[in-house]
Amino acid sequence: MTYVLSDLHGRFDKYKEMLSYIEFAPEDTLYVLGDVIDRGPDGVQILQDMMGRANVLPLLGNHEFTAAVCIPWLLKEVTEKSIAALDETQLAALSEWLVNGGGPTIQGLKAIGREEREDLLEYLGEMELYVQVEAGGRRFLLTHSALDHFSPDKALEDYELEDFLFGRPEPDAVYYQDQILVFGHTPTQVLGSGGEILRRETWIDIDCGCAFKGGQLGCLCLDTMEEFYV
């Protein structure tokens, strides 16, 4: 079976519970559509678990992108002294990261060794922006966010990086006719779903606000279109 989930935001407890709930097996595939880290306490732990599973495939989210911008100094020892030595560009990146909930991730990075940080940051750098898959007789395009600056005739390689990371869908948006766009980034509560996976004819939003009060983690099986929640 092929599954998708998104926007874990440091909730290792919900991640592990979901794997158990769907009875995730070695022959299954799970696509995680970005924003594994930040806000919640255990984003680094989730990434390390994902790195050890060949059948868990990550896409880049805007939170991973922000973290990757800080790679040059994150590879150093994360201390008060190293933070004090940052230049203006690095300080701006750090400020943006902290405002968006990066504190727990920085603490998680401090708790692991240099080699582990290097492996983790290399893993971030290898994340794809999108993937196209077939399951259950349907075609899907998986991205972190809704496609910004969308045009049905525009080739995927012609989109900017930000178009895959920061796009917000209009409630009546229409995307492709021959494949379903599946994304996270925008909590479905914002679009009026009541906190469950939101489906439209050409797109599906699977971000159910896992990191927020009253939110949950949603997971969709692309083969059967069955929904799972923890």
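The values are calculated or read from the model by the stated rules, or taken from the named source; none is laboratory data. Fair warning: this is a prediction, and the values are worked out from it, not measured in the lab. Please note: Cβ atoms are built from the backbone with ideal geometry, for glycine as well, and neighbour counts cover all protein chains shown.
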**Message:** Suppose the filter is in contact with a helix residue (DSSP H, G or I) (Cβ under 7 Å, 6 or more places away or on another chain) and either loosely packed, with under 12 Cβ neighbours inside 10 Å or of a type in the set (D, E, K, R) (or both); does His149 pass it?
**Reply:** yes
**Complete:** Across (1) on the phi < 0 side of the Ramachandran plot; (2) touching a residue at least 24 places away in the same chain (Cβ under 8 Å); (3) out of contact with any helix residue (DSSP H, G or I) (no Cβ under 8 Å at 6 or more places or on another chain), Asp207 clears everything bar (3)
**Request:** Please specify each residue of the stretch 113-132 satisfying the condition of being outside any loop (DSSP other than H, G, I, E, B), more than 20 Å from Pro169 (Cβ to Cβ) and in contact with a strand residue (DSSP E or B) (Cβ under 6 Å, 6 or more places away or on another chain).
**Result:** Glu128
**Asked** Could you say which residue among Leu30, Leu86 is modelled with pLDDT of 95 or more and either outside any helix (DSSP H, G or I) or buried (at least 20 other Cβ atoms within 10 Å of the Cβ) (or both)?
**Response** Leu30
**Asked** Out of all the residues in the stretch 115-135, which are in contact with a helix residue (DSSP H, G or I) (Cβ under 7 Å, 6 or more places away or on another chain), over 15 Å from Ile37 (Cβ atoms) and aliphatic (A, V, I, L, M)?
**Response** Leu129
**Scan of the stretch 142-196 for residues that are among the hydrophobic types (A, V, I, L, M, F, W, C), part of a loop (DSSP other than H, G, I, E, B), free of Cβ contacts under 8 Å to residues at least 40 places away in the same chain and under 21 Å from Leu220 (Cα atoms), ordered by number** = Leu147, Ala173, Val174
